[in-house]
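Everything on this sheet refers to the single structure shown next.
The values are calculated or read from the model by the stated rules, or taken from the named source; none is laboratory data. These numbers come from a predicted model, not from an experiment. Positions of Cβ are generated from backbone atoms using ideal geometry, with glycine treated the same way; all protein chains shown enter the neighbour counts. Accessible surface areas use protein heavy atoms only, side chains included; no ligands, DNA or RNA. Shrake-Rupley method; radii C 1.70, N 1.55, O 1.52, S 1.80 Å.
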Amino acid sequence: KQISAIQFKPAGLITNGYIQFSFVGGQESKRGIFMATQDENTIMFNKKQQSEFERLKSLLEKQIYS
């Protein structure tokens, strides 16, 4: 209930992807992957893990926006 938004960046050929959660009143980074790596509300993932994180994002968005 406290998650207000989700930012998702897919993994590339040589870079990891990430999923970042925003909370009401939170101070999450909005400056891309390098700042996201130091954000406590961000989880990094590799290409092999991406489908599971896409599924997580979809499930959470259904809860947030319903």
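Brief remarks on what is shown
- Residue 49 being modelled with pLDDT of 95 or more and open to solvent by 40 Å² or more (accessible area, probe 1.4 Å): yes
- Which listed residue is open to solvent by 50 Å² or more (accessible area, probe 1.4 Å) and either at pLDDT 80 or above or over 13 Å from residue 3 (Cβ atoms) (or both), from 27, 20: 27
- Residue ID - surrounded by the fewest Cβ atoms within 10 Å (Cβ to Cβ), chosen from residues in segment 1-17 that are β-branched (Val, Ile, Thr) and part of a loop (DSSP other than H, G, I, E, B): 14
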